[in-house]
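The values are calculated or read from the model by the stated rules, or taken from the named source; none is laboratory data. Just so you know, these numbers come straight off a predicted model, no measurement behind them. Using ideal geometry, Cβ is built from the backbone for each residue, glycine included, and neighbour counts are taken over all protein chains shown. With ligands, DNA and RNA removed, areas are computed over all heavy atoms of the protein, side chains included. Shrake-Rupley method; radii C 1.70, N 1.55, O 1.52, S 1.80 Å.
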Amino acid sequence: MLVKLTKDRLRKGMFIESVACPSEEFARRRFVLSSDRDLAAIVRSSASEVLINIALGLDPNGRPPETPIARSKGKAKSVEVGEAAEVRKIRDTLDQAKLALKTRLTDMVAGGPLDMDDLSAVADSNARTWRESAGIALEVTRLKSKDETTYVHSLAVSGMMTLLGRALGIDEETVAMLGVAGILHDIGKLLIPSEILNKPGTLTSGERAVIRNHPQAGYQLLKAYPGIPPLALDICRLHHEALDGSGYPLGLKRDQIDMPVRLSTVCDVFEALTSVRPYKRPWSSTEALHWMFARPQLFDRRLVIRLGSVLVDDPIV
Ligand SMILES: [Fe+2]
């Protein structure tokens, strides 16, 4: 739902993802273009192109978004320009959740104590956001700056895990635990030096090994806390396993991978594919779901189909 536009085609009501300036002269990003002042500032800047999100604002022809890329089933809600205030509200809520998660996770990585009730409250509040506004939350979390990627990704995965868990009829207590597991699943990435984690270009085999070790490193870190539920430990350690045994770190196969772990993998990969990254074209939700559906050797198809039914309008099968 992202479209590149020359700046002369910009108009108020569009949702700006980013302005491609060679310098930082227009550093603001991710906002509804609603003032003449901002419009003039972008036009004045040296940027030639602007990235707009047509799921959250007017398209290049001035049309409001007709259908959201995603919605919570039973809570269909069109994302229209008139709902810009709701988009702002969700963005602010998710920004706060990101900061809250960053504080908790960096404390844990530094060996600080764990307050499980507090962590559950962060996960519950995030789950509520996704339950009420999945379509907007999905769009808002697609774009991440490199220093916040892990936190925003974890919130998005956590939110989707709770949606999918609920859609599968899993009991509320377990769904809440899935939410906690989601916000903790990539904590091992915080132990990776940022020059490796954020390295542009090809990684050496040593660097790849460091990155592939993040599930095990996260598991070791979490295991030191007696209050972490076993489900969260499993999901942290095993979310990169694949049904055919080609995943890591243990190379487990089908029956050795429990359903909640499979569920986390499906949400994790879907979130990664649909994220906007500098090195790849962003995939739509439907493209990502079809890609995963075509790989039953890796992903549990039943869960891919169910995630599709929760997040997109058109069934994938
Ligand atoms: Fe991961």
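At a glance:
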item: Residue-averaged [θ]222 nm for the chain, counting only DSSP H segments that reach four residues, each worth -39500 (n - 2.57); result: -16000 deg cm²/dmol
item: Spatial extent of the chain: Rg and Dmax, with the Cα atoms as the point set, Å; result: 19.6, 59
item: Peptides 192-198, 260-266 ordered by average Cβ neighbours within 10 Å, highest first; result: 260-266, 192-198
item: Of 144/223; 102/199; 89/144, those spanning more than 25 Å from alpha-carbon to alpha-carbon; result: 144/223
item: Under-5 Å amide H pairs with residue 49, H placed in peptide plane, nonlocal only; result: 20
item: Exposure rank, largest accessible area first [51, 178; 1.4 Å]; result: 51, 178
item: Solvent-accessible surface (1.4 angstrom probe) belonging to residue 136, in square angstrom, nearest 10; result: 10 Å²
item: Accessible carbon and sulfur surface of segment 154-273 relative to its total accessible area, %, 1.4 Å; result: 54 percent
item: Karplus (6.51, -1.76, 1.60) ³J(HN,Hα), θ = phi - 60°, over segment 234-246, in Hz, Gly and Pro reported as x; result: 4, 5, 4, 7, 10, 5, 9, 6, 10, 4, 8, x, 8
item: Burial ranking of peptide ranges 219-226, 237-244, 201-208 (average Cβ count within 10 Å, highest at the top); result: 237-244, 219-226, 201-208
